[in-house]
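*Asks:* Here it is, the structure, as structure tokens.
What follows is calculated from the coordinates using simple rules that are stated; it is not laboratory data. The structure displayed is predicted, hence computed values, not measured ones. Quick reminder, even Gly has a Cβ in these numbers, built from the backbone with ideal geometry, and neighbours come from all protein chains shown.
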Amino acid sequence: MTQSPTPARVLIADDEDGLRWVLEKGLRQAGYEVTAVRDGDEALRAFSDAPFDLVFLDIRMPGTDGLTVLAKLRALAGDAHVIVMTAHGTMETAIQAMQRGAYDYLAKPFDLDEVLLLAERALAAGRLTQEVARLKTGLQEVWEFGALIGRHPRMQEVYKTIGRIAASDVTVLLRGESGTGKELVARAIHHYSRRAGRPFVAVSSAAIPGTLLESELFGHERGAFTDAKERKLGKLELAHGGTLFLDEIGDMPPELQTKLLRALQERTIERVGGQESLRIDVRVLAATNRDLETMMREGRFREDLFYRLNVVTVTLPPLRERRRDVPLLVEHLLAKYATELGERGVAPEALDRLVGHDWPGNVRELENVVQRAMVMATSGVILPEHLPIGPVSAAASVAIDATLEEIIERKLLECVRGLREHASANLYDLMVGLVEKPLLRAVLRETGGNQVRAAQILGINRNTLRKKLTEHGIEPDSIEG
């Protein structure tokens, strides 16, 4: 079933009761969610509680005047569109309003149709501004999601799972070692979901002391504790309509696990020191590198919270178990930092060392190593001595999970790089010869030198086989089975 779009939130601030009533009624009938207040101070309080998409603001009101309120609203939320209203429609007032960031102004008296048309235009402009910002963010996300590059079957399965679950609101538990890209997967799920235009808010249970984590998640009221001098909105509230990413959920204190479970079940929260229950609409994605099952048996993680979070599990493989993806990741990282650090290539020996390394820090460690190597490689080519990792054995330098095609392709790539400066190198015949000779030797070894059987396996006639053996200087009788 298609979700209805969330109605735009409109704030009206005017001290004329009759005008305020007409505006509120007309805008509600047009489908907007409307809040109406009598003066500028009330408008600022309402806006600080929850920002609005559009504000109709009277210039002349008791207390703080409208132009001052306008400047403060722009400071609170620069993307909110404000339409000022005045019975004193002088050019000076209009200029001051536009200089302070108003979208437009209305000179009293005005009719309701004019108001509705202006509201529609202002909100459309707001949506366009958000779309431009989202496109700019999307360009950055192209680089971020690039770290999810991989041809390994386990990574392909991760991509398929993202595609299956992104459109729904199911809770997802992301598991894997540190540095495998759990937050990137969370951002990808949000990016491809119906919540993409809404906030993505991340909070790490490991990075924030337990005493502060409750306030960080749920917010607090002024005076809730010694240093609570102002009201603070928590991450759950800030993520309303969007996605909350709870990183390192296994490090959350048990007493806070109980409160989080209640919030997820009831979809309501209370700020620390507050009495009011606030409804939230948040999709939760959690991540951990800990063994939650063991923690549950030891009483350090709530079983009911685990099952609440673990509706769908996505497990990211460590980089050492998908070594074939290292060259792809290196290529991506070289392109990512080329503008900042300059274009770089990687010598075959350096790439062997990168592929053979065990990467305890996974993709995050690989990115750091590539960045450092790009800085050190002033000649434009990254050599083994530019890498802060030691040499590896020949066996380790070849990806243990690589297919035959990938191994051949990698070796051929090394050969091709060495011929870049040659105008003509008869490359096709050269490469076919390099592959054909070991193929003939392998088949003859398998058949014990039987040329008739070897020709059948190769799918060629015996005379052609004899010709190729002569071309490559292969003596069938000298090959051991």
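*Asks:* Give me the Kirkwood hydrodynamic radius of region 9-130 in Å, from all C-alpha pairs, to one decimal place?
*Replies:* Final number for the Kirkwood radius of region 9-130 is 14.0 Å.
*Asks:* Past 26 Å, Cα to Cα, is the threshold; run K229/K259; K72/K229; K72/K108; K160/K182; K25/K229; K72/K235 against it and keep the listed order.
*Replies:* K25/K229
*Asks:* Continuing with the same structure: Using a 10 Å cut-off around each Cβ, can you sort F225, F56 from fewest to most neighbouring Cβ atoms? Walk me through the numbers before you get to the answer.
*Replies:* Working: F225 11, F56 27.
The most exposed by this proxy come first: F225, F56.
*Asks:* Which angle between 0 and 90 degrees, to the nearest 10, do you get for helix 153-165 versus the longest principal axis of the chain when only C-alpha atoms count?
*Replies:* Rounded to the nearest ten degrees, it is 20.
*Asks:* With charges set only on the Cβ (+1 for Lys and Arg, -1 for Asp and Glu), what does the dipole of the chain come to about its Cα centre, in debye to the nearest 20?
*Replies:* Dipole size: approximately 1300 debye.
*Asks:* Ok, one more. Compute the distance from the alpha-carbon center of region 441-464 to that of region 53-84, in whole Å.
*Replies:* 86 Å
*Asks:* Considering Cα pairs under 8 angstrom that are at least six residues apart, work out the relative contact order of the chain and quote it in whole percent.
*Replies:* In percent, rounded to a whole number, it is 10.
*Asks:* Would you list R198, R74 from fewest to most Cβ contacts within 10 Å?
*Replies:* The most exposed by this proxy come first: R74, R198.
*Asks:* Quick one: helix 40-49 against the long Cα principal axis of the chain, what's the angle to the nearest 10°, folded into 0 to 90?
*Replies:* Rounded to the nearest ten degrees, it is 30.
*Asks:* Report the one residue of G101, P7, Q451 whose Cα lies farthest in the direction of the positive end of the charge dipole of the chain (charges on C-beta: Lys and Arg +1, Asp and Glu -1; origin at the Cα centre).
*Replies:* The residue sitting most towards the positive pole is Q451.
*Asks:* Over 28 Å, how big is the tail of the calculated P(r) for the chain, in percent of all Cα pairs?
*Replies:* Considering the chain, 68 percent of its Cα-Cα pairs are separated by more than 28 Å.
*Asks:* If you don't mind, there's one more thing I want to ask. Given H placed on each backbone N at 1.01 Å, which residues far from V34 in sequence or on other chains put an amide H within less than 5 Å of it?
*Replies:* V10
*Asks:* Helix 66-76: angle to the longest alpha-carbon principal axis of the chain, degrees 0 to 90, nearest 10?
*Replies:* The two axes meet at around 20 degrees.
*Asks:* In addition: With runs of 4+ DSSP H residues as the only contributors, calculate the mean residue ellipticity of the chain at 222 nm using -39,500 (n - 2.57) per run, divided by the residue total and rounded to the nearest 500.
*Replies:* -15000 deg cm²/dmol
*Asks:* So for S215, S204, fewest C-beta neighbours within 10 Å to most, what's the order? Can you show the working numbers first?
*Replies:* On the way: S215 20, S204 16.
Listed from fewest to most nearby Cβ atoms, that is S204, S215.
*Asks:* Moving on. For the charge dipole of the chain, defined by +1 on Lys and Arg C-beta atoms and -1 on Asp and Glu C-beta atoms about the Cα centroid, which residue among Y32, L439, G274 has the Cα displaced farthest towards the positive pole?
*Replies:* Ranked along the dipole, the leading option is L439.
*Asks:* Report, in debye and to the nearest 20, how large the dipole of region 427-478 comes out about its Cα centre when Lys and Arg carry +1 and Asp and Glu carry -1 on their Cβ.
*Replies:* 140 debye
*Asks:* Here's another thing I want to ask about it. Provide the net charge surrounding L19, with neighbours chosen by a C-beta distance below 10 Å and charges set as Lys +1, Arg +1, Asp -1, Glu -1.
*Replies:* Around L19, the charge tally is -4.
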